[in-house]
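Trainee: Encoded as structure tokens, here's the structure I'll be asking about.
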Amino acid sequence: MGRVSDAKQRLMEAVLELIWTGSYGSTTIDQICEKSGVKKGSFYYFFDSKADLAVTALDAEFKNKRAELDSVFSPTVPPLERIRNYCEFAYRKQLEIKKKCGCVLGCPLFTLGSEVSTQEQKLRSKIEEILEHHGKYFESAIRDAHSAGLIHAPDVPSKARMIRAYYEGLLTQARIQNDVEILREMARGVFAMLGVKEVEPVPA
């Protein structure tokens, strides 16, 4: 099965791609093994189930992306600029994905979480944990903007949840309508919720 670490990594990459471009329920272990080029017996050497694989893959993926998020939300960047940069990053990422696979995929965490929340509690808990980490980035930017007098947001967690709901809602709408241009207005909408003056949408 090749190097142990390589086979495990290929399984994790395969499951994330398959459930994001398709769905968790429709993805089988056989498909994961075929996609990754790993034998089924080797799958069970690493993981007890598809859910265990998905939990491990999501955890590893988030750890890999933390450096990127740390950079976007760096305290050295003005707080409102952090938020705008993240909105622009989301648009560019989905644009890149649509050019690659022909469709908008939205947020893998919300897409998967909505599907499995009543079925796979271990997987649901991991998704919730990662989303909470994402929320902390928004909280830090909103708190710094409030402290600097740029916005009025005394209840930071509540404002962050509101913005996250809007952000994820737009991503879900873009996936449903297969229209990435919906996301160009994200920064404008977020800033309106924060009470910031009108901003220009992301350039095409």
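Trainee: Gain in length, Asp59 to Asp30, computed as 0.36 nm per residue apart minus the alpha-carbon separation, to one decimal in nm?
Mentor: Values: separation 29, 0.36 × 29 = 10.44 nm, distance 2.22 nm.
Answer, rounded to one decimal: 8.2 nm.
Trainee: With a 10 Å radius around each residue's Cβ, average the other Cβ atoms per peptide and rank 15-21, 98-104, highest first.
Mentor: Values: 15-21: 19.6, 98-104: 13.0.
Averaged packing, sorted descending, gives the order 15-21, 98-104.
Trainee: Out of [x] 0.97; [y] 1.43; [z] 1.01, which label holds the value of Rg/Rh (Cα atoms, Kirkwood Rh) that was computed here?
Mentor: [z]
Trainee: Which aspartates and glutamates have a Cα lying under 14 Å from the Cα of Lys122, excluding residues fewer than 8 positions away in the same chain?
Mentor: Asp48, Asp52, Asp59
Trainee: Next up: DSSP H helices in the chain with Cα extent of 18 Å or more along the helix axis and mean Kyte-Doolittle hydropathy at least -0.5?
Mentor: Numbers: long enough: 4-21 (26 Å, 0.28); 50-72 (32 Å, -0.31); 79-101 (33 Å, -1.07); 121-147 (38 Å, -1.03); 156-177 (31 Å, -0.27).
Once both thresholds are applied, what remains is 4-21, 50-72, 156-177.
Trainee: Rounded to the nearest 500, what is the chain's calculated 222 nm mean residue ellipticity when only DSSP H runs of at least 4 contribute -39500 (n - 2.57) each, over all residues? Write out the running numbers ahead of the final one.
Mentor: Details: 9 runs with 146 residues, N = 204.
The per-residue figure over the chain is -24000 deg cm²/dmol.
Trainee: What are the aspartates and glutamates whose alpha-carbon lies under 16 Å from the alpha-carbon of Lys93, with same-chain residues fewer than 8 places away excluded?
Mentor: Cross-link targets: Glu17, Glu61, Glu68, Glu168, Asp179, Glu181, Glu185.
Trainee: Pairs Lys50/Lys126; Lys63/Lys136; Lys39/Lys100; Lys100/Lys136; Lys65/Lys100: which exceed 24 Å Cα-Cα? If you can, show how the numbers build up before the last one.
Mentor: Values: Lys50/Lys126 14 Å; Lys63/Lys136 15 Å; Lys39/Lys100 28 Å; Lys100/Lys136 30 Å; Lys65/Lys100 20 Å.
Correct reply: Lys39/Lys100; Lys100/Lys136.
No value in this document is a laboratory result; all are computed from the given coordinates. What you see is a predicted model, and the numbers here were worked out from it, not measured in a lab. When we count neighbours, we look across all protein chains shown, and the Cβ atoms used for this are built from the backbone with ideal geometry, even at glycine.
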